[in-house]
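These notes concern the structure reproduced below.
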Amino acid sequence: MRTFLAKHWRAFGLILSLILLALAFFKVDLTEVGRILVTANLNWVLLVVLLNFGLIALKGVRWREIIAATTPVSLLATTSATLIGCMAKQHLAGAQR
């Protein structure tokens, strides 16, 4: 018999994501963010985003090779776990300030 959380895992994840997004943007001045984004050079922004995701993918490859010594695991699994870890590190480091 499946537990309540197992049955409603997607809904729980969506609700948790919305709550965390609301907390992340709670004190953010979105008009200021928009003003800065309009003046930003989008070529540099795109380059930084692509390099960041490339770095996370390389870290996922590294973890897959480390874990492969004990059990086979997909690149998608290690890359998504690495992305989650990077996001958690950024948010938890910000909470310590």
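Taken together, the values in this text are just the output of simple stated rules run on the coordinates, not laboratory data. Keep in mind the model is a prediction, meaning the values are calculated, not measured. Neighbour counts run over all protein chains shown; Cβ positions are idealised from the backbone, glycine included.
Here the chain is treated as an ellipsoid with the same Cα gyration tensor; its semi-axes, largest first and in whole Å, are 30, 24, 12. Rounded if a/c is under 1.5, else prolate if a/b beats b/c, else oblate: with a ≥ b ≥ c from the C-alpha gyration tensor eigenvalues square-rooted, which is the stretch 41-89? Here the stretch 41-89 falls in the prolate category. The loop-placed trypsin sites (Lys or Arg not before Pro) in the stretch 1-89, going by DSSP, that have at most 12 neighbouring Cβ atoms within 10 Å of their Cβ come out as ARG2, LYS27. Axis of helix 75-95 versus longest Cα principal axis of the chain: the two differ by about 50°, to the nearest ten degrees.
Over the chain, what relative contact order in percent results from Cα pairs under 8 Å that are six or more residues apart? Computed over the chain, the figure is 17 percent. Once divided by 2.2 N^0.38 Å, the Cα radius of gyration of the stretch 1-40 becomes 1.87.
The simple Förster model, with R0 at 35 Å and r as the Cβ-Cβ distance, assigns THR3 and ASP29 a FRET efficiency of 0.25.
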